[in-house]
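Taking it in order: structure first as structure tokens, then the write-up.
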Amino acid sequence: MSLPLYYYLAITAIYILMSWSIYIPYRVGQLHFMTVANMAISSYFAALMAINFAWPFWLVLIVGTLLGALIGFLVSVAIGDAPCFAVVIVGFTFIYLTKTIIENVEAFGGPLGIFSIPKVLQTSSDNRTLLLIVAYALVLLTGFLISRFDHSRLGRAASAIFIDRDLAVSFGVDVKKLGMFLQTWASAVGGMSGVMYAFIMRSISPNHFTFHLIGVCMTMLFVGGYTTLWGALLAAPILWGFPLILPEALQSWNIVIYGVLLIVVLVIKPEGIITRPTVKKIESLLSRNRKKV
Amino acid sequence: MEILIAQIFNGLSIGSIYVLLVTGFNLLLLVAMIIHFSFPVVVVFSMYISWFVMTLTGSVALGVAGGIASAVVVNVITAPMFQHIMRERGSVDINATMVISMGMGMIITDILSHTFNQGFPIAFPDALTGNDQGALISVGLVSISRGQVLTLIVGIIFVAFLFWLLYKTRAGRAFRAIAEDPNGAKLVGIPLLKTGFQSYALTGILGGVTAVLMAVLLGSASAGLGDQLGHKVLAVSIIAGLGNLTGGLIIGLLLGILEAIIQGYLAGSWSNAIAFIVMLVVILAKPKGVFGSKL
């Protein structure tokens, strides 16, 4: 596999996971950008453990994910049922603080970051294949879990909170507990993406985990459609891929293109391109075909 | 003690900038009913336009006029976009306006970091900042610049004007009526969209004046400044209670003073981090605001 294709596929998987990490808490109407901070923390954790203590990849992946979940849980105790804007600002603050600490502490490599993160397998091609398989296995696993959640009682409770919080409370939905659960889960996904990112890129710097990343993931989620998990899944490969085939002069303007797309889609189709009725329509079409067979 | 006094004065002038930004943000929130997260990004854009006109023409007056005009133009041009969303308020929630505003911020910040001054930070001429004339008042370690005094005075006058407009005039009463109860305001014949549109123009002027004051006080700007200010303004607004104008005034000034005092005793990036930690602790402890939300 060529190197550009490998990076395209691998980074697409990361973007899908990160967009989903924003999708999960947005089920109850919270924009939890904290997951970008979780990604940064876990990727630095992964890099330091792998370089300094020669921790194996699998151990780092599990502990990095748990670290994300733990931080997410601790923060969610305070903001599990907070208004969306408070959650947004807590996320931004954590990103800013993480970045400041990374840039100013020598052990984290300062503004330059950390290089030469070890390979998981000795040969480069084996290493790439393994990482791709793991990345997409994680995408499948997370997608499966989100799908199970969306079709469960909890998923319906989350939709109720999104539409009318007061009504959901009067039906007996525990907004705080559900918010805490979703934030913790999202942070775990953020942490997991961070570990994968560190091993895929093999070098990390604080500049990777900024508002820029939030902008890209948010565009993928809102352009694709924030009401189903399919939106981010389909938007991530396209949105991440198309600037790569643009002429070089236009490539550096990708953020402007994302911004314009985000605004245009939200104005024209506020729920994004793939909505629940779209998914239902496709499902019914597929089931009709199946019956014919 | 002298450092403390100097830093408190410094903090008051930075704080008055925050107050202006938070007031503009809150006005849009209350009257136009949008979360304009990127309002400070528009202000930084105006700083860049102001700098561009000054470098092109060499005239400070034209630069100031250009800066104010650009903020009004950006606000008014983007108003129909937000109003389109607000017309479908039944199906679209206020979060959508924040996401659109963030998209706008992404575009503006990226344009600023690509085009003006080849993406490098810009520095304003001494004719505007008055830095070449030295301090206005200098007693021992305490030195107060012209920029600080000007920012504080204009900040106070402008905020006083806004409060007068909101609480003593007919137009202000319409603004507050919409903020209090949009449906009730509609029933008594207040045109929601038109009044909302006026609030965009008003906050445009406010943003433009803030941009000029920031240029005078800071003397420079970079593309990333807008994001950082957007973050602080939203934080101040949440800590004060979303839409709470008086609360925004108090918390804005307090943040300015806190930052300045920390800066007096600590190195650059850490001082900002401490201010953020303080804000974080307050938000975690009181996510619905200290003075109560008016939303």
Legend entry - Among the candidates B:111, B:156, residue that is within 14 Å of chain A (Cβ to nearest Cβ) and surrounded by fewer than 18 Cβ atoms within 10 Å (Cβ to Cβ): B:111
Inset, instruction - Can you work out which of the residues in the range B:279-295 that are of a type in the set (Val, Ile, Thr) and facing chain A (nearest Cβ under 10 Å) is farthest from residue B:180 (Cα to Cα)? - result: B:281
Inset, instruction - Return a yes/no flag: does the range A:194-205 have any residue that is within 14 Å of chain B (Cβ to nearest Cβ) and small (Gly, Ala, Ser). - result: no
Legend entry - Subset of the range B:256-277 that is more than 10 Å from chain A (Cβ to nearest Cβ) and at pLDDT 85 or above - its residue that is farthest from residue B:15 (Cα to Cα): B:262
Inset, instruction - Looking for whichever is over 19 Å from residue A:39 (Cα atoms) and within 14 Å of chain B (Cβ to nearest Cβ) here; the options are A:81, A:126. Which one fits? - result: A:81
Legend entry - The one condition in (1) buried (at least 18 other Cβ atoms within 10 Å of the Cβ); (2) closer than 21 Å to residue B:68 by Cβ that residue B:220 fails to fulfil: (1)
Legend entry - Any pair with Cβ under 7 angstrom, 6 or more apart, that starts in the range A:159-186 at a residue that is at positive phi and outside the structural domain of residue A:147 (by TED's automatic domain parsing) and ends at one that is surrounded by 22 or more Cβ atoms within 10 Å (Cβ to Cβ) and of a type in the set (Val, Ile, Thr): none
Inset, instruction - Only helices (runs of 4 or more DSSP H) wholly contained in the range A:230-288 count here; list those with 1 or more residues that are touching a residue at least 40 places away in the same chain (Cβ under 8 Å) and within 23 Å of residue A:214 (Cβ to Cβ). - result: A:230-245, A:254-268
Legend entry - Filter result for residue A:96 (under 18 Å from residue A:210 (Cβ atoms), in a helix (DSSP H, G or I) and free of Cβ contacts under 8 Å to residues at least 24 places away in the same chain): yes
Legend entry - Residue list for the range B:69-78, restricted to those being among the small types (Gly, Ala, Ser) and buried (at least 22 other Cβ atoms within 10 Å of the Cβ): B:70, B:71
Legend entry - Leading residue by the ranking (nearest to residue A:29 (Cα to Cα)) among those in the range A:149-197 that are buried (at least 16 other Cβ atoms within 10 Å of the Cβ) and over 21 Å from the mean Cα position of the chain (by Cα): A:161
Inset, instruction - Quick one: which residue in A:99, A:119 is among the basic types (Lys, Arg), in contact with a helix residue (DSSP H, G or I) (Cβ under 9 Å, 6 or more places away or on another chain) and within 14 Å of chain B (Cβ to nearest Cβ)? - result: A:99
Inset, instruction - Can you tell me which residue among B:248, B:230 is more than 20 Å from residue B:73 (Cβ to Cβ) and within 14 Å of chain A (Cβ to nearest Cβ)? - result: B:248
Legend entry - Failed criterion for residue A:59 (all others in (1) surrounded by fewer than 23 Cβ atoms within 10 Å (Cβ to Cβ); (2) in contact (Cβ under 8 Å) with a residue 24 or more places away in the chain; (3) over 30 Å from residue A:234 (Cβ atoms) hold): (2)
Inset, instruction - Would you point out which residue out of A:53, A:92 is at pLDDT below 95 and either buried (at least 23 other Cβ atoms within 10 Å of the Cβ) or within 22 Å of residue A:11 (Cα to Cα) (or both)? - result: A:92
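The values are calculated or read from the model by the stated rules, or taken from the named source; none is laboratory data. Worth saying up front: this structure is predicted, and the values here are computed from it rather than measured. With ideal geometry, Cβ positions are generated from the backbone for all residues, glycine too; neighbour counts draw on all protein chains shown.
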